[in-house]
Every structure is written in C-alpha cells, then in structure tokens.
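First up is the structure itself, then whatever we jot down about it.
The values are calculated or read from the model by the stated rules, or taken from the named source; none is laboratory data. Note that the structure is a prediction, hence the values are computed from the model and not measured. Heads up, the Cβs are rebuilt from the backbone with ideal geometry, glycines too, and the neighbour counts pull from every protein chain shown. With ligands, DNA and RNA removed, areas are computed over all heavy atoms of the protein, side chains included. Shrake-Rupley method; radii C 1.70, N 1.55, O 1.52, S 1.80 Å.
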Amino acid sequence: MNDAVLRRLSEVLEARKLASADESYVASLHSKGLNKILEKVGEESIETILAARDAEQSGNNEKLIYETADLWFHSLVMLSHLGEDASGVLAELERRFDLSGLEEKAQRTANKED
C-alpha cells in the first residue's frame with residue numbers, strides 16, 4: 001500500500017478548497033457546507049454497501065472498488081473541510097496495530113461511559 005497517493009490527494013483537496021466553485025467539484029462541496037459533504041458521504045456509504053452485497057453474489061468486485069474509492073474520496077473532503085487530512089486517520093490506524101479488535105472496542109466502550 002502506498003500512502004503517497006493519500007498524501008497527494010490531500011494536497012489536491014486543500015488546493016481545490018481555494019478554487020472557484022464553478023470550476024471545481026471539491027470547491028463546490030466546500031461552498032455548500034458540511035451538511036452537503038455529509039450527505040455525499042452518506043450517499044457513497046450506501047452505494048458501497050450495495051456494491052458489496054452485489055459483489056458477494058456476482059463474485060465481481062469492480063463496482064465495489066469504484067464505490068469504495070468514492071466513499072474514501074468524499075470522506076477525505078469531509079476531513080479537509082474540518083481542517084484534517086488522511087494523516088490523522090492513518091496515525092489512528094497505526095496506533096491500533098498493538099491492540100486486538102476486542103481490546104480497542106473495550107477501550108471505546110469504557111471511554112463512552114466516562
């Protein structure tokens with residue numbers, strides 16, 4: 001896996017924030033605000049779920065990969081809108097390498113109770 005793609009995409013997303021909404025899809029999302037971006041993340045989530053279901057039945061993952069790319073892209077736009085980028089998510093995933101999934105879930109549950 002190559003995080004250079006994520007780094008490059010994060011740079012492009014930041015640059016597009018400053019572009020004209022008439023000339024950039026990303027700029028148009030930013031100009032419409034967080035709720036529009038969240039709407040797109042939700043839409044792409046549903047499309048990814050449906051593509052996964054179809055992929056299991058058909059054995060063809062092509063649409064699943066396409067929809068997952070859309071979901072990741074719009075998630076990165078959301079992070080960018082909130083002043084973040086993929087590096088924070090990657091750092092969090094890296095932190096979890098030393099935890100079992102059950103331990104990580106228990107920590108989240110304990111933190112919610114505090």
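Quick notes
- Gaussian network model of the chain, springs between alpha carbon atoms under 10 Å - residue of Val12, Val41, Val26 with greatest fluctuation: Val12
- The chain: most fluctuating residue of Glu11, Glu44, Glu94 per GNM, C-alpha cutoff 10 Å: Glu94
- The local environment of Ser24, defined by Cβ-Cβ distances under 9 Å, has a net charge of 0 under the rule Lys, Arg +1 and Asp, Glu -1.
- Between Ser58 and Thr109, the modelled labels are 3.8 nm apart [label points 7 Å from Cα along Cα→Cβ].
- A Förster radius of 25 Å, combined with the Cβ-Cβ distance separating Glu43 from Glu23, puts the computed FRET efficiency at roughly 0.65.
- Assuming charge only on the beta carbon of Lys and Arg (+1) and of Asp and Glu (-1), the dipole of region 63-114 about its Cα centre is about 140 debye to the nearest 20.
- Extension gain, Asn35 to Asn2, is 8.8 nm, computed as 0.36 nm per intervening residue step minus the present C-alpha separation.
- Accessible area (Å², 1.4 Å probe, nearest 10) - Glu14: 80
- What a 1.4 Å probe finds exposed on the chain is 54% carbon and sulfur by accessible area, rounded to a whole percent.
- Helix-derived mean residue ellipticity, 222 nm - over the chain, DSSP H n ≥ 4, -39500 (n - 2.57), to 500: -26000 deg cm²/dmol
- Protein heavy-atom accessible surface, 1.4 Å probe, per residue over region 4-49: 64 Å².
- For the chain, built as a Gaussian network whose Cα springs stay under 10 Å, the top-fluctuating residue of Ser100, Ser75, Ser87: Ser100
- Using only side-chain charges placed at the Cβ, +1 for Lys and Arg and -1 for Asp and Glu, the dipole size of the chain relative to its Cα centre rounds to 180 debye.
- Anisotropy class of the chain from Cα gyration tensor, a/c 1.5 cut: oblate
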